[in-house]
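Taking it in order: structure first as structure tokens, then the write-up.
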């Protein structure tokens, strides 16, 4: 791990499950954290959990890079409560200039994080098809919809998103684009001119080098991206199944 990455990036994951599925789900998340460390070095890692269980405490005790933050507002299995936390105070959960958000089915497949750090305020798997007219509209509005489950974000954009959420949008109640990745990459660019002008969201083609999402009908990349969202093998991703 380079000193630069250690000082620049924190790894962060949410874990909010009920007691019955907690340990098994955390075992999958722990594997994702280890894969992230394998490719990126043992970066400081924050786990935001709805409750601290023995499996989490043991993992943190065995790995000095891990910090556990308990957030009681996270409702087991309710992604809206996670989104509300991301929108309102993600920036308070880490102190480095960037955060790499991972999850059990979204993490790095190879090295190369350095390629993306410092270039974008938000980059994740693209959610918009790569066509000339869609790219034109997105470029004009800085409106590049991307997945947040595996994403790299600047602390600066997280702080701005929280400012708008806490000062203006939380009071509106829940709305479809309040889901955290849509809020960062769709809603705010379309509704806040200063936000649109201030932050660099990666374009579709740049995002595809970072990650690919198995749920979105976008052609697979020709070369292995840095990571992925939704479980898929490297061979399946590149179309090289045996």
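The values are calculated or read from the model by the stated rules, or taken from the named source; none is laboratory data. What you see is a predicted model; the values in this text were computed from it and never measured. Using ideal geometry, Cβ is built from the backbone for each residue, glycine included, and neighbour counts are taken over all protein chains shown.
For segment 171-186, the set of residues classified as in contact (Cβ under 8 Å) with a residue 12 or more places away in the chain and either assigned to a helix (DSSP H, G or I) or farther than 23 Å from residue 79 by Cβ (or both) consists of 178, 180, 181, 182, 183, 184, 185, 186, listed by residue number.
Anything in segment 138-170 that is part of a helix (DSSP H, G or I) and modelled with pLDDT under 95? List them, or say none.
138, 139, 140, 141
The requirement of being at pLDDT 90 or above and within 28 Å of residue 159 (Cβ to Cβ) is fulfilled nowhere in segment 229-239; no residue meets it.
Number of residues in segment 40-70 that are part of a loop (DSSP other than H, G, I, E, B) and either touching a helix residue (DSSP H, G or I) at 6+ places or on another chain (Cβ under 6 Å) or more than 20 Å from residue 159 (Cα to Cα) (or both) equals 10. Tallying residues that are assigned to a helix (DSSP H, G or I), under 23 Å from residue 214 (Cα atoms) and touching a strand residue (DSSP E or B) at 6+ places or on another chain (Cβ under 6 Å) within segment 74-121 yields 1.
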